[in-house]
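Here it is, the structure in full.
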């Protein structure tokens, strides 16, 4: 892990965080912010860091936090290793019948599908399952699939996850692919289309 000061010469901690967010080599390295700027905890909570400790804290708190982050990272890497043999696929589909069908289809082809029906659950599900690819429905309640794909692309921690956008209504056949993370756009897809796209997306990461 990295324990990061913020006020440093030549390159500030903020500049380092920006560079790290754009470098895939830092993706699996937790970062603990350790700074005298104790009023900035809320600011850093939205930057993908694993923890925040002000320099005014007792040394025991720093040690406890470092141990906790390392333990959680070991657990996460262990889950990722287990998932490598049976990659996690996240399915965002609000129709229960199609959701069950896609789950059975993908489970029968040596993947571990995780279906969700509400876009509000997307962030939590990504954190919980670390999916290798995401099946994303075009027409969803509250927010569209292309909008969610764009949000995933703009977030450093999810921009490299391949997204398969599909439109079972057939209404958006000529719609453009919204962002580079959308590796496939399926219109009125068959089971074979889903399986072919998932196989290709898994081979990309």
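The values are calculated or read from the model by the stated rules, or taken from the named source; none is laboratory data. The structure presented is a predicted model; accordingly, all values stated were derived computationally and were not measured. Cβ: placed from backbone, ideal geometry, glycine included. Neighbour counts: every protein chain shown.
What tally of residues in region 10-55 results from selecting those that are within 20 Å of the chain's Cα centre (by Cα) and either assigned to a helix (DSSP H, G or I) or in the same structural domain as residue 155 (by TED's automatic domain parsing) (or both)?
10
Please count how many residues of region 179-205 are part of a helix (DSSP H, G or I) and under 24 Å from residue 154 (Cβ atoms).
5
Can I ask one more? Of everything in region 105-116, what is without any contact (Cβ under 8 Å) to a residue 40 or more places away in the chain and crowded, with 16+ Cβ neighbours inside 10 Å? Give them in sequence order.
Matches in region 105-116: 112, 113, 114, 115, 116.
From (1) surrounded by fewer than 18 Cβ atoms within 10 Å (Cβ to Cβ); (2) in contact (Cβ under 8 Å) with a residue 24 or more places away in the chain, pick out the condition that doesn't hold for residue 165.
(1)
Looking at the structure I just gave you, is residue 124 surrounded by 13 or more Cβ atoms within 10 Å (Cβ to Cβ) and either at negative phi or assigned by TED's automatic domain parsing to the domain that holds residue 176 (or both)?
The answer is no for residue 124.
Could you tell me how many of the residues in region 78-92 are modelled with pLDDT of 90 or more and over 17 Å from the mean Cα position of the chain (by Cα)?
0
Take the residues in region 56-71 that are surrounded by fewer than 12 Cβ atoms within 10 Å (Cβ to Cβ) and not in a helix (DSSP H, G or I), then tell me which one is modelled with the lowest pLDDT.
The residue in question is 56.
Please go through region 127-149 and give me each residue that is more than 10 Å from the chain's Cα centre (by Cα) and buried (at least 16 other Cβ atoms within 10 Å of the Cβ), ordered by number.
135, 136, 137, 138, 140, 144, 145, 146, 148, 149
Of all residues in region 1-54 being farther than 20 Å from residue 157 by Cβ, free of Cβ contacts under 8 Å to residues at least 12 places away in the same chain and touching a helix residue (DSSP H, G or I) at 6+ places or on another chain (Cβ under 9 Å), which is surrounded by the most Cβ atoms within 10 Å (Cβ to Cβ)?
Across region 1-54, the extreme among qualifying residues is 8.
Something else now. Given the criterion closer than 21 Å to residue 127 by Cβ and modelled with pLDDT of 90 or more, identify the matching residue among 16, 52, 34, 43.
After applying the criteria, what remains is 52.
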